[in-house]
1. Among what's in region 79-116 and is small (Gly, Ala, Ser) and surrounded by 10 or more Cβ atoms within 10 Å (Cβ to Cβ), pick the residue that is modelled with the highest pLDDT.
2. Could you grab me the full set of residues in region 13-27 that are over 15 Å from Asp62 (Cα atoms), modelled with pLDDT under 85 and among the basic types (Lys, Arg)?
3. Can you find a residue that is farther than 23 Å from Lys23 by Cα, in contact with a helix residue (DSSP H, G or I) (Cβ under 9 Å, 6 or more places away or on another chain), open to solvent by 20 Å² or more (accessible area, probe 1.4 Å) and modelled with pLDDT of 85 or more anywhere in region 44-61?
4. Going through region 4-16 one residue at a time, which ones are open to solvent by less than 80 Å² (accessible area, probe 1.4 Å) and charged (D, E, K, R)?
5. When the residues of region 67-78 are filtered to those that are over 13 Å from Ile34 (Cα atoms) and open to solvent by less than 50 Å² (accessible area, probe 1.4 Å), which remaining residue is modelled with the highest pLDDT?
6. Going through region 17-43 one residue at a time, which ones are farther than 27 Å from Ile90 by Cα and either touching a residue at least 60 places away in the same chain (Cβ under 8 Å) or surrounded by 12 or more Cβ atoms within 10 Å (Cβ to Cβ) (or both)?
Amino acid sequence: MNEDKKKGMSEEEINKIMARKEKDANKAVQGDRILLCQNHYNHGHRVTHVVETVISTAEKTDEMWTRLVRVVWVAQDSWEKYAPQTKNVIGDFLFKGGNLIGANAPSIVLNLDALK
């Protein structure tokens with residue numbers, strides 16, 4: 001959570017958000033695969049990486065939750081043109097910055113064949 005986001009927030013609000021971020025950071029277990037997506041103004045929402053968690057828990061460093069991962073797949077450069085559209089990989093799912101949701105969620109229609 002950057003300093004600009006903290007402006008005007010109470011310590012209690014900040015602590016609630018940080019607790020939620022810690023919970024999200026620890027949702028994935030060792031061996032889970034995570035799709036990383038980027039949103040480009042002209043090219044839409046695209047899957048750019050697939051990573052696999054290497055350790056079982058997230059670690060907090062400098063007010064940021066991190067996770068050791070192994071890269072499984074990376075989109076061809078330039079991702080704005082060549083990365084598959086997110087909707088073609090997981091269906092019409094509405095993202096809210098940084099949220100982690102399981103692939104077995106009812107709103108996910110997983111199509112890994114779209115990753116070339």
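1. Within region 79-116, the match that is modelled with the highest pLDDT is Ala83.
2. Residues satisfying the conditions are Arg20, Lys23, Lys27.
3. Checked region 44-61: at least one residue is farther than 23 Å from Lys23 by Cα, in contact with a helix residue (DSSP H, G or I) (Cβ under 9 Å, 6 or more places away or on another chain), open to solvent by 20 Å² or more (accessible area, probe 1.4 Å) and modelled with pLDDT of 85 or more.
4. Lys6
5. Ranking the candidates gives Ala75 first.
6. The one that is farther than 27 Å from Ile90 by Cα and either touching a residue at least 60 places away in the same chain (Cβ under 8 Å) or surrounded by 12 or more Cβ atoms within 10 Å (Cβ to Cβ) (or both): Met18.
The values are calculated or read from the model by the stated rules, or taken from the named source; none is laboratory data. Bear in mind that the values here come from a model prediction, so they are computed numbers and not experimental data. All Cβ positions, glycine included, derive from the backbone under ideal geometry; neighbour counts span all protein chains shown. What goes into the accessible areas is simple: the full protein's heavy atoms, side chains included, and nothing from ligands, DNA or RNA. Shrake-Rupley method; radii C 1.70, N 1.55, O 1.52, S 1.80 Å.
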